[in-house]
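Here the structure comes first, spelled out in structure tokens, and everything after it is commentary.
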Amino acid sequence: MIDKSYLKIGKNHITFNIRLNILYQIYNIMKSQLPIRSAIIEILDDKDGEMLDSDLLIALNKRYGDKHFSTTEINRNLLALETQGLLHVSVLTHTKRRIKRVDQNETVYLGVEED
């Protein structure tokens, strides 16, 4: 005999859907409360480890919804991540920068300008 209990739609099925919906809402709330530095790393990992600063700003504003970040706040967090050795920021033009995720296995020597 074939078990057809999976075809029944009852209280348990509705309760499961409600619980799943609540968990999804909690996940979205927690994702929007993720620290900005962790969010930057996640976004870079999703984009193959490299993107422009303007694209990063758009992705952060999309992720956090109502909260909009200033360039000062983004720069401060990028500098902190760069000093930790997690990413590298290079200047392309006066207004564009390339942000690249640093591989943990590769050794990177960052140049220091001399005046």
Within region 67-93, considering residues that are charged (D, E, K, R) and either within 16 Å of the chain's Cα centre (by Cα) or closer than 16 Å to Leu44 by Cβ (or both), the one modelled with the highest pLDDT: Glu82
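Can you say whether Leu52 is at pLDDT 90 or above and surrounded by 12 or more Cβ atoms within 10 Å (Cβ to Cβ), as far as the supplied structure shows? Can you show your working first?
Values: at pLDDT 90 or above: yes; surrounded by 12 or more Cβ atoms within 10 Å (Cβ to Cβ): yes.
Here the answer is yes, as Leu52 does meet what is asked.
Restricting to region 54-86, count the residues that are closer than 25 Å to Asn105 by Cβ and not polar (S, T, N, Q).
First, pick out the residues of region 54-86 that are closer than 25 Å to Asn105 by Cβ: 56, 77-86.
Those left that are additionally not polar (S, T, N, Q): 56, 78-82, 85-86.
Number satisfying all stated conditions: 8.
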Meets criteria (at pLDDT 70 or above and of a type outside the set (Gly, Ala, Ser)) for Tyr64: yes
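The values are calculated or read from the model by the stated rules, or taken from the named source; none is laboratory data. Note that this is a predicted model, so its numbers are computed, not measured. All Cβ positions, glycine included, derive from the backbone under ideal geometry; neighbour counts span all protein chains shown.
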